[in-house]
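The values are calculated or read from the model by the stated rules, or taken from the named source; none is laboratory data. Everything quoted here is computed from the prediction, not taken from an experiment. Because the Cβ atoms are built from the backbone with ideal geometry, glycine has one as well, and the counts that use them run over all protein chains shown.
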Amino acid sequence: MKTADPELMRAINRFHVLDTIRRYGAISRVEIGERIQLSPTTVSAITGSLIEDGLILAQHEGDLRGGNRGRPRVMLALNPKAARVVGAKIAANRLAFVVTDFQGDILAELILPLRVDRLPLSVIADLVEDGVRRCVLDAGIAMEDIKSVAVSLPGIIEHGSGLVRASSIFRDADVPLKEALVERLGIDVIVESDANAITMGEHWFGQARDCDDFVLVAIEDNLTLGVMHGGQIFRGARELSLTLGDMVMGADPDHAVKLADVASEKAIINGEVSDPRMRDAIRLGSGMSQVRGMIEAGDNKLRVAANKAGAALGIAIANLVALFAPPRVILVGSTLTLGPHLLDALHSSFAKAIPQSLREVAEIVIENADDRLWARGAAAVALGELYGSPWGTTGPARTFNADALESGKSP
């Protein structure tokens, strides 16, 4: 029989205790144990070490019973001053930043409307550094008070190394963004896909606060995917983020048709970029608002393209439901600005493609997520790692080592 590594189990339990306190606010040890099915002894040991590390606070509440003051009940809450983090979103035409405390409450926020796509790495890293430092200053604290910075952007990201394998933001592949930012900021930096960041944002602050298992589809010029399973982001080999745009929708003898070929913003707009109104709208990040206006003014070509994109997305989402059977599918992204011109075809094709046995499994939720939530989701990525590997007297959680467990040795 294989035995689980005790330190790994302690780290997992510690994370769940912290996350439960974050979710439910002031809560007793008994309630924590009931919600995550841990023994009173285990909960007491973990919460004791968390109090000692300054990550949670004990609050005493008087309990009046029959006119007599009973024993005060001890309630536990996160210590908001235990850590501060910065979350950032890099988009083609803007940078968004938030500074949050340990429980994810926003202390300061900043939006910089700058076109950054296709700039050299050094310039983008300088702009991110300036944004981080300015937002931290606006929060009334110093960089020395920031525990970590999480930066999100579209593309395929290698989470552990911070390597940007591919992104519409950069001209080149395999961009060492984390390395460049650590050099400038001098603190821990996490680089994450924006789909994973907004997935965390929805789980912590948005439409999935009550749901530990769901799928998120980000529908913009990049079609990306976030999968939450058991309250944790699912990542692929080498901790790679997931992409949806490369999903094959059909093939002929010459080439495969990918979802991005039909449903990305670039595919919808197609040759319309010659229109000066469209060019300016794209540059300012409001291309889909312009498309919707042109459709409603009678542009049949764009209407057909939007419907075609919606139909393809409906089939892709039906495939995701068939693969993962999630109780909820959350749709976010600027393409949703098209409204019924996209969504009517999406819902129709989904209904036709989904198997009868899965018809009642997943609800599709539309979320109008602003830049603030995307950046706050990046901050949640940073906080999630602090919760999973807390500092202090009990020490950080060690990396899981499958070979060591197989051999029965400590990692």
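Worth a mention:
Yes/no matrix, rows are residues, columns are (1) under 20 Å from ARG118 (Cα atoms); (2) aliphatic (A, V, I, L, M):
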{"position": "PHE214", "(1), (2)": "no, no"}
{"position": "ALA218", "(1), (2)": "no, yes"}
{"position": "LEU223", "(1), (2)": "yes, yes"}
{"position": "HIS229", "(1), (2)": "no, no"}
{"position": "LYS258", "(1), (2)": "no, no"}
{"position": "ALA263", "(1), (2)": "no, yes"}
{"position": "LYS266", "(1), (2)": "yes, no"}
{"position": "ILE282", "(1), (2)": "yes, yes"}
{"position": "ASP299", "(1), (2)": "no, no"}
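- Enumeration of residues in region 116-153 that are acidic (Asp, Glu) and assigned to a helix (DSSP H, G or I): ASP126, GLU129, ASP130, ASP138, GLU144, ASP145
- Matching residues, region 194-213, being surrounded by fewer than 24 Cβ atoms within 10 Å (Cβ to Cβ) and either of a type outside the set (Gly, Ala, Ser) or under 19 Å from PRO154 (Cα atoms) (or both): TRP204, PHE205, GLN207, ARG209, ASP210, CYS211, ASP212, ASP213
- If you go through region 72-103 and keep only what is among the small types (Gly, Ala, Ser), under 16 Å from ALA26 (Cβ atoms) and not in a strand (DSSP E or B), you end up with just ALA82.
Okay, residues lined up against (1) at pLDDT 90 or above; (2) assigned by TED's automatic domain parsing to the domain that holds GLN103; (3) out of contact with any strand residue (DSSP E or B) (no Cβ under 8 Å at 6 or more places or on another chain); (4) not in a helix (DSSP H, G or I):
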residue: MET1; (1), (2), (3), (4): no, no, yes, yes
residue: PHE15; (1), (2), (3), (4): no, no, yes, no
residue: ILE21; (1), (2), (3), (4): yes, no, no, no
residue: GLY33; (1), (2), (3), (4): yes, no, yes, no
residue: GLY48; (1), (2), (3), (4): yes, no, yes, no
residue: ILE51; (1), (2), (3), (4): yes, no, no, no
residue: GLY54; (1), (2), (3), (4): yes, no, yes, yes
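- Pairs, first closer than 21 Å to LEU343 by Cβ and at pLDDT 95 or above in region 367-389, second in a helix (DSSP H, G or I) and not β-branched (Val, Ile, Thr), C-beta under 7 Å, six or more apart: LEU373/GLY201; LEU373/PHE205; TRP374/ASP194; TRP374/ALA197; TRP374/GLY201
- Qualifying residue in region 235-253 (condition: under 26 Å from ALA82 (Cβ atoms), at pLDDT below 95 and either in contact with a helix residue (DSSP H, G or I) (Cβ under 7 Å, 6 or more places away or on another chain) or hydroxyl-bearing (Ser, Thr, Tyr) (or both)): no
- Restricting attention to region 139-158, the residues that are surrounded by fewer than 21 Cβ atoms within 10 Å (Cβ to Cβ) and in contact with a helix residue (DSSP H, G or I) (Cβ under 8 Å, 6 or more places away or on another chain) total 6.
- Taking region 358-387 as the range and being part of a helix (DSSP H, G or I) and of a type in the set (Gly, Ala, Ser) as the test, the residues that pass are ALA375, GLY377, ALA378, ALA379, ALA380, ALA382, GLY384.
- Among the residues of region 105-118, those that are touching a helix residue (DSSP H, G or I) at 6+ places or on another chain (Cβ under 8 Å) and without any contact (Cβ under 8 Å) to a residue 40 or more places away in the chain comprise ASP105, ALA108, LEU110, LEU112, LEU114.
- Residue in region 27-38 that is farther than 18 Å from ASP212 by Cβ, surrounded by 16 or more Cβ atoms within 10 Å (Cβ to Cβ) and of a type in the set (Lys, Arg) present: yes
- Residue in region 160-181 that is over 17 Å from LEU240 (Cα atoms), of a type in the set (S, T, N, Q) and either modelled with pLDDT of 95 or more or surrounded by fewer than 19 Cβ atoms within 10 Å (Cβ to Cβ) (or both) present: no
- Residue pairs meeting the criteria (Cβ under 8 Å; at least 6 apart or on separate chains; first in contact (Cβ under 8 Å) with a residue 12 or more places away in the chain, in region 47-58; second outside any loop (DSSP other than H, G, I, E, B) and among the basic types (Lys, Arg)): THR47/ARG29; SER49/ARG14; LEU50/ARG14
- Screening GLU296 with (1) surrounded by 19 or more Cβ atoms within 10 Å (Cβ to Cβ); (2) more than 28 Å from the chain's Cα centre (by Cα) gives one miss only, at (1).
- Lone unmet requirement of (1) charged (D, E, K, R); (2) more than 16 Å from GLY377 (Cβ to Cβ); (3) buried (at least 17 other Cβ atoms within 10 Å of the Cβ) for ARG115: (3)
- Counted residues, region 324-357 - those being assigned to a helix (DSSP H, G or I) and either of a type in the set (Phe, Trp, Tyr) or touching a strand residue (DSSP E or B) at 6+ places or on another chain (Cβ under 9 Å) (or both): 9
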